[in-house]
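The values are calculated or read from the model by the stated rules, or taken from the named source; none is laboratory data. Given the structure is predicted, the values throughout are model-derived calculations rather than measurements. All Cβ positions, even for glycine, are placed from backbone atoms using ideal geometry, and neighbour counts span all protein chains on display.
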Amino acid sequence: MGRSGETNSNQAFVPVPRRIDKNGVGCRVLLAGEPVFVIYFRAMTQLSHVDEQGRIRMVDTGDKQVTQRRAVASAKVLMKRETVAALREHRTPKGDPLEAARLAGIMGAKRTADLIPLCHLLPLTHVEVQATVEDDGVALTAEAATNAQTGVEMEALTAVSIAALTVYDMCKALEKGMTITEIRLESKTGGKSGDYERK
């Protein structure tokens, strides 16, 4: 618990009972002279990016084994039927939003370590971004791969996020109310934590 009384939702808390004497500050007024037991909370971090003092740190991956890693992320850009029709008929004023989004996503994946403070700079071996026009907007997927000591989940998520923002930028002259939604990891392979696939 911080000085302001707020708690960090990323920390696990263990109750520690401590006795407060009746002469403690404020106790005589609240408790009419009777001593009580108050529960304090001692924070125990379970996050690898936080040290025992609660300070942010970059994880040391030096002892990890280099393995082949791959991750796939997805996102959607929801838009009106009129905007979807303009996409399909190539009537968007800035050019082809899908091709621009694909290239922007690839560039974004390569800059992930510059955007996310604690991400490691990875030697990406492959990045692919796909954009598909659907009835309610644009569906996006991004795949990233590397041979490294840490995973490429953030690279895939960054790629699909930048691609979605690019679709918005390319189409905002037609519609300001588009919604970027469902940015999520679909799957990952490699690494100590094992494989993951969204059900």
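Checking the condition touching a residue at least 12 places away in the same chain (Cβ under 8 Å), out of contact with any helix residue (DSSP H, G or I) (no Cβ under 8 Å at 6 or more places or on another chain), over 19 Å from residue 111 (Cα atoms) and surrounded by 14 or more Cβ atoms within 10 Å (Cβ to Cβ), which residue from 177, 151, 191 passes? Let's see the steps before the verdict.
On the way: 177 fails: surrounded by 14 or more Cβ atoms within 10 Å (Cβ to Cβ); 151 fails: over 19 Å from residue 111 (Cα atoms).
Of 177, 151, 191, the one residue that is touching a residue at least 12 places away in the same chain (Cβ under 8 Å), out of contact with any helix residue (DSSP H, G or I) (no Cβ under 8 Å at 6 or more places or on another chain), over 19 Å from residue 111 (Cα atoms) and surrounded by 14 or more Cβ atoms within 10 Å (Cβ to Cβ) is 191.
Check off (1) in contact with a Leu (Cβ under 6 Å, 6 or more places away or on another chain); (2) without any contact (Cβ under 8 Å) to a residue 12 or more places away in the chain for residue 75 and give me the number that stays unchecked.
(2)
Residue by residue through segment 149-188, note down the ones that are of a type in the set (Asp, Glu) and more than 15 Å from the chain's Cα centre (by Cα).
Going residue by residue through segment 149-188, those that are of a type in the set (Asp, Glu) are 153, 155, 169, 175, 182, 186.
Result: 169, 175.
Applying the selection to segment 62-105, what residues are surrounded by 20 or more Cβ atoms within 10 Å (Cβ to Cβ), within 30 Å of residue 194 (Cβ to Cβ) and among the hydroxyl-bearing types (Ser, Thr, Tyr)?
74
What is the residue count in segment 163-174 for residues that are buried (at least 18 other Cβ atoms within 10 Å of the Cβ) and in a loop (DSSP other than H, G, I, E, B)? Break it down stepwise before answering.
So in segment 163-174, the residues buried (at least 18 other Cβ atoms within 10 Å of the Cβ) come out as 163-164, 166-168, 170-171, 174.
Okay, now just the ones that are also in a loop (DSSP other than H, G, I, E, B), so 174.
Number satisfying all stated conditions: 1.
Six or more apart or on different chains, Cβ under 7 Å: which pairs go from a residue in segment 89-109 that's touching a residue at least 12 places away in the same chain (Cβ under 8 Å) and farther than 9 Å from residue 167 by Cα to one that's among the acidic types (Asp, Glu) and crowded, with 18+ Cβ neighbours inside 10 Å? Could you list them?
Pairs found: 109/155.
In segment 106-120, which residue that is hydrophobic (A, V, I, L, M, F, W, C) and assigned to a helix (DSSP H, G or I) is surrounded by the most Cβ atoms within 10 Å (Cβ to Cβ)? Please lay out each step first, then the result.
Looking only at segment 106-120, we keep the residues that are hydrophobic (A, V, I, L, M, F, W, C), and these are 106-107, 109, 113, 115-116, 118-119.
Right, trim to assigned to a helix (DSSP H, G or I) and you get 106-107, 109, 113, 115.
Details: 106: 19, 107: 16, 109: 28, 113: 15, 115: 12.
The residue in question is 109.
Could you please find all residues in segment 182-199 being farther than 18 Å from residue 112 by Cβ, in a strand (DSSP E or B) and not hydroxyl-bearing (Ser, Thr, Tyr)?
182, 197
Among the listed residues 158, 179, 150, 166, which satisfies the condition of being farther than 18 Å from residue 112 by Cα, assigned by TED's automatic domain parsing to the domain that holds residue 114 and among the β-branched types (Val, Ile, Thr)?
Details: 158 fails: farther than 18 Å from residue 112 by Cα; 150 fails: farther than 18 Å from residue 112 by Cα; 166 fails: farther than 18 Å from residue 112 by Cα.
Among 158, 179, 150, 166, only 179 is farther than 18 Å from residue 112 by Cα, assigned by TED's automatic domain parsing to the domain that holds residue 114 and among the β-branched types (Val, Ile, Thr).
Run down 127, 138, 133 and say which single residue is farther than 13 Å from residue 156 by Cβ, β-branched (Val, Ile, Thr) and crowded, with 19+ Cβ neighbours inside 10 Å. If you could, list the steps in order and put the result at the bottom.
Numbers: 127 fails: farther than 13 Å from residue 156 by Cβ; 133 fails: crowded, with 19+ Cβ neighbours inside 10 Å.
Just one listed residue meets the conditions, 138.
Just to be sure, is residue 125 within 18 Å of the chain's Cα centre (by Cα) and either within 21 Å of residue 193 (Cβ to Cβ) or outside the structural domain of residue 187 (by TED's automatic domain parsing) (or both)? Lay out the reasoning, then the answer.
Values: within 18 Å of the chain's Cα centre (by Cα): no; either within 21 Å of residue 193 (Cβ to Cβ) or outside the structural domain of residue 187 (by TED's automatic domain parsing) (or both): yes.
Here the answer is no, as residue 125 does not meet what is asked.
How many of the residues in segment 131-151 are part of a strand (DSSP E or B) and farther than 17 Å from residue 70 by Cβ? Steps first, answer last, please.
In the first step, residues of segment 131-151 are kept if they are part of a strand (DSSP E or B); the result is 131-134, 137-148.
Imposing the further condition that a residue be farther than 17 Å from residue 70 by Cβ reduces the set to 131-134, 137-140.
Residues that pass the stated criteria total 8.
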